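**Student:** Mind having a look at this structure? Questions to follow.
The values are calculated or read from the model by the stated rules, or taken from the named source; none is laboratory data. Just so it is clear, the model here is predicted, and its values are computed rather than measured. All Cβ positions, even for glycine, are placed from backbone atoms using ideal geometry, and neighbour counts span all protein chains on display. For accessibility, only protein heavy atoms count, side chains too; no ligands or nucleic acids. Shrake-Rupley method; radii C 1.70, N 1.55, O 1.52, S 1.80 Å.
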Amino acid sequence: ENSLQKTSYSYTIELGDIFDSPYALNLRSFTKLIKRLQETHPEASRDQIVEAIQQVRKNNKGMLCGLAISTIEERTSAIL
């Protein structure tokens with residue numbers, strides 16, 4: 001149970017790091033985006049996908065807000 005709690009805590013921090021604006025992406029959109037990217041890139045781990053999304057955010061002046069989910073997906077796919 002401790003390792004599960006640590007994993008959940010770490011995952012929450014990653015979400016906060018990526019989606020620091022309430023207008024960026026909600027959790028449902030994030031989950032949908034991850035699922036679609038996992039289907040498109042089955043060779044990529046979830047961590048690799050999250051890192052690629054973080055890179056998209058960095059490349060977009062540190063924000064994802066204003067980008068359509070499809071745009072985030074395309075840019076993340078290009079990185080993966």
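**Student:** Need pairs with beta-carbon distance below 6 Å; first residue in contact (Cβ under 8 Å) with a residue 12 or more places away in the chain and within segment 31-58, second open to solvent by 70 Å² or more (accessible area, probe 1.4 Å) and assigned to a helix (DSSP H, G or I); sequence gap 6+ or separate chains.
**Tutor:** Ala52/Ile79; Gln55/Ile79; Val56/Arg75
**Student:** Here's a follow-up. Which count do you get for residues in segment 36-80 that are open to solvent by less than 90 Å² (accessible area, probe 1.4 Å), under 19 Å from Asn26 (Cβ atoms) and of a type in the set (A, V, I, L, M)?
**Tutor:** 10
**Student:** Look through segment 37-59, keep the residues that are acidic (Asp, Glu) and modelled with pLDDT under 95, and return whichever of them is nearest to Ile79 (Cα to Cα).
**Tutor:** Restricting attention to segment 37-59, the residues satisfying the condition of being acidic (Asp, Glu) are 39, 43, 47, 51.
In the following step, the residues that additionally are modelled with pLDDT under 95 were identified as 47, 51.
Details: Asp47: 13, Glu51: 10 Å.
Ranking the candidates gives Glu51 first.
**Student:** Is it the case, given these coordinates, that Ile13 is open to solvent by less than 30 Å² (accessible area, probe 1.4 Å) and either in a helix (DSSP H, G or I) or modelled with pLDDT of 90 or more (or both)? So that I can check it myself, show each step before the final result.
**Tutor:** Details: open to solvent by less than 30 Å² (accessible area, probe 1.4 Å): no; either in a helix (DSSP H, G or I) or modelled with pLDDT of 90 or more (or both): yes.
When the stated conditions are applied, Ile13 does not pass them.
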